[in-house]
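The structure under discussion appears below in the form of structure tokens.
We did not get these values from a lab; they are worked out from the coordinates using the rules stated. Computed from a predicted structure; not experimentally measured. Positions of Cβ are backbone-derived with ideal geometry, glycine not excepted, and every protein chain shown enters the neighbour counts.
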């Protein structure tokens, strides 16, 4: 992408979207479009159409759609599914109509089967049942993925799909109930430290393994994919750090400075046993993560502290 090209980051206020906007700025892009909900409601087809007509973006990166952890998926499966279905439908259709030069749609590692062979390869998509706790959300993301493929086949639309690992970073939503595991634990452990609580309860056994990727590193991977990848098959955007939930929680406690007991409630769901992406294609394009897990945790915790009232 030329640095003067108009780049539309849909979901520019999300964790990934804000990281992508920052990465574009680092690389000298001066025409980045990252409208808020009031300027372009992504679930409104007419609003999306007006935005494309007014701003004529040349490139589109879709980092939009509501998401959350196990509890959010359990409580709001319809909300998450509808938001992601509508967002993908309106953005991809408008981008195809307006002839954008390239589009990257970001799906989710939840799209892989629950009992997927490891590491997860693109060829494994659709080969088994999804994880029940995120099935509705994952189905919507799979629909967005298939829409990109259909538009590419029928209209020659230059659309690609990226599947990120579990992402965290400074712009995570720090909600102890509904957010993803790392920001949720940062918020809960900090609160427990301040309150003097001698223990906190975590869901599951602590044994599931996850690949955690810092948002800034993922943003750089997105730009590499936009520049160097052009195929119908999705590309895995992984290469982060694989840890068990227990190992991740222990590292978070050390960074936060919380020395209470971590108690695992085995009556609660674990989610998918393991999610490790096979990302050799991305590595072959020349991308490599630049931030260690501990460095990323420290940056994320500092951002959390800066956003506390007062």
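Miscellaneous remarks
- Gain upon complete extension [residue 26, residue 209; 0.36 nm per residue less C-alpha separation]: 62.6 nm
- The chain, helix-only ellipticity at 222 nm - DSSP H runs n ≥ 4, -39,500 (n - 2.57), divided by all residues, nearest 500: -13500 deg cm²/dmol
- Relative to the longest principal axis of the Cα atoms of the chain, the long axis of helix 15-26 makes an angle of roughly 60 degrees.
- Once divided by 2.2 N^0.38 Å, the Cα radius of gyration of region 1-109 becomes 1.06.
- Estimated Rh, region 223-310: Kirkwood, alpha-carbon pairs, angstrom: 16.2 Å
- Region 7-306: relative contact order as a whole-number percent, Cα under 8 Å and 6+ apart: 20 percent
- Label separation (residue 175 vs residue 228): 3.6 nm, computed from points 7 Å beyond Cα along the C-beta direction.
- Region 84-111 and region 1-65 have Cα centres separated by 12 Å.
- Taking the C-alpha atoms only, the angle from helix 293-306 to the longest principal axis of the chain is near 90 degrees.
- Share, in percent, of DSSP beta bridges within the chain that are antiparallel, nearest 5: 10 percent
- Pairwise Cα inverse-distance average, inverted: Kirkwood Rh of region 61-118 (Å): 13.1 Å
- Sequence of 18, 75 once ranked by neighbouring C-beta atoms within 10 Å, starting from the fewest: 75, 18
- Residue order, fewest to most beta carbons within 10 Å, for 52, 264, 8: 264, 52, 8
- Of all the options 289, 204, 128, the one that moves most in a Gaussian network model of the chain with Cα springs shorter than 10 angstrom is 128.
- Derived value for region 7-306: Kirkwood hydrodynamic radius 19.5 Å. Basis is the mean of 1/r over every pair of different alpha-carbon atoms.
- Ranking of 87, 250 by neighbouring Cβ atoms within 10 Å, starting from the fewest: 250, 87.
- Taking each residue as 0.36 nm, the span from residue 303 to residue 247 lengthens on full extension beyond its C-alpha to C-alpha distance by 18.0 nm.
- Stretched out straight at 0.36 nm per residue, the stretch from residue 197 to residue 285 would grow longer than its current Cα-Cα span by 27.0 nm.
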